[in-house]
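Below is one structure, written out as structure tokens; comments come after it.
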Amino acid sequence: MPLSDDLIVYPNHGAGSACGKNMSKETTDTLGNQKKVNYALNPKLTKEQFIKEILTGLVPPPGYFPQNVLMNIKGYESIDNVMQKGSRALSVVEFEVAANETQALIIDTRKPQDFNKGFIPNSVNIGIDGSFATWVGTLIPSVKQELLIVADEGREAEVITRLARVGYDNALGYLKGGFDAWKASNKDIDQIHSVSAEELAEINKKEKVNIIDARKASEYSSEHVVDAMNAPLDFINDSMTKIDKDKKYYVHCASGYRSMVFISILKARGYNNLIDVTGGFNALKASNLFKVTDYVCPSTLL
């Protein structure tokens with residue numbers, strides 16, 4: 001490579017991006033250091049080896065990627081119009097009517113630990129403080145899907161803006177006053193039960209528990225609770241076929257964000273026997289109460 005080793009380089013995408021694998025979390029680096037640590041810049045690789053390194057373990061891109069390409073080619077609605085439409089503050093009655101009379105999906109963007117204590121039935125939790133846009137794009141097949149928003153007060157515009165950044169321009173409005181307004185109106189609410197790692201260990205002493213690991217297959221392969229079943233959130237339509245509606249399952253991800261997304265989606269589809277594990281795999285491992293597989297360095301995986 002003819003370029004100087006002291007050349008400053010900037011990654012186009014950050015760690016965790018669906019655009020590649022094993023991306024550095026650093027926002028800047030020298031080309032020389034990248035040559036040392038970046039598998040794709042190994043000068044000893046043949047063309048065939050390079051292709052294998054790049055493609056092995058690479059999962060299909062989220063469904064919204066090609067739709068965004070078409071939007072960029074054909075044009076899209078003005079952001080001012082998108083914000084104006086999405087920023088409609090709907091009363092509880094108006095929100096309920098919109099939910100019943102349209103095909104809108106209700107997205108609750110609160111923190112998982114707030115969502116599980118009470119939420120509008122059939123709503124899906126995708127927290128604004130996590131990888132919000134990535135999971136919206138991964139889990140909602142069409143950018144044309146109509147959306148109704150439940151958010152913490154004062155964060156509605158942020159939600160609508162971040163949806164628009166990945167092409168989801170069809171927010172119909174948000175619930176004025178948030179979930180508290182819904183609850184104060186004595187409307188039906190739903191809940192998701194959660195247990196700690198220690199509580200799950202006690203239950204496991206009395207009965208065999210079914211544990212679902214909702215992390216990516218590569219995370220599961222790197223390290224997981226022995227006998228846990230991998231059912232990745234990013235392929236939830238396939239993952240749900242592994243689950244028996246009549247059985248009880250304890251669901252975890254790495255820290256608790258994805259497991260709540262996973263459970264909320266399946267609960268909206270009639271799966272009512274899913275229990276969240278607070279703190280996820282990190283808490284299960286730290287408790288030293290569960291047998292965990294031998295660690296495999298994730299740098300060798302996706």
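A few points about this structure:
- Taking residues in region 128-145 that are in the same structural domain as ARG258 (by TED's automatic domain parsing) and crowded, with 19+ Cβ neighbours inside 10 Å, and partners anywhere that are at pLDDT 95 or above and not in a helix (DSSP H, G or I), not one pair has Cβ atoms closer than 7 Å while being at least 6 places apart or on different chains.
- Hey, LEU302 more than 30 Å from ASN122 (Cβ to Cβ) and either modelled with pLDDT under 95 or assigned by TED's automatic domain parsing to the domain that holds ASP227 (or both) or not: yes
- Residue in region 152-187 that is surrounded by the fewest Cβ atoms within 10 Å (Cβ to Cβ), counting only those that are in a helix (DSSP H, G or I) and among the small types (Gly, Ala, Ser): ALA184
- Test result for ASP108, under 26 Å from PHE262 (Cα atoms), in contact with a Ser or Thr (Cβ under 6 Å, 6 or more places away or on another chain), surrounded by 13 or more Cβ atoms within 10 Å (Cβ to Cβ) and not assigned by TED's automatic domain parsing to the domain that holds ILE275: yes
- Condition check for TYR249: within 14 Å of ALA228 (Cα to Cα), surrounded by 15 or more Cβ atoms within 10 Å (Cβ to Cβ) and without any contact (Cβ under 8 Å) to a residue 60 or more places away in the chain: yes
- Residue match in region 195-209 (condition: assigned to a loop (DSSP other than H, G, I, E, B) and crowded, with 16+ Cβ neighbours inside 10 Å): yes
- Among the residues listed as ASP234, ASP169, ASP244, the single one being outside the structural domain of LEU147 (by TED's automatic domain parsing) and in contact (Cβ under 8 Å) with a residue 24 or more places away in the chain: ASP234
- For region 71-84, the criterion of being closer than 30 Å to ILE192 by Cα and in a loop (DSSP other than H, G, I, E, B) is satisfied by no residue at all.
The values are calculated or read from the model by the stated rules, or taken from the named source; none is laboratory data. As the structure is a prediction and not an experimental result, all values here were calculated from the model. We place every Cβ from the backbone using ideal geometry, glycine too, and count neighbours over all the protein chains shown.
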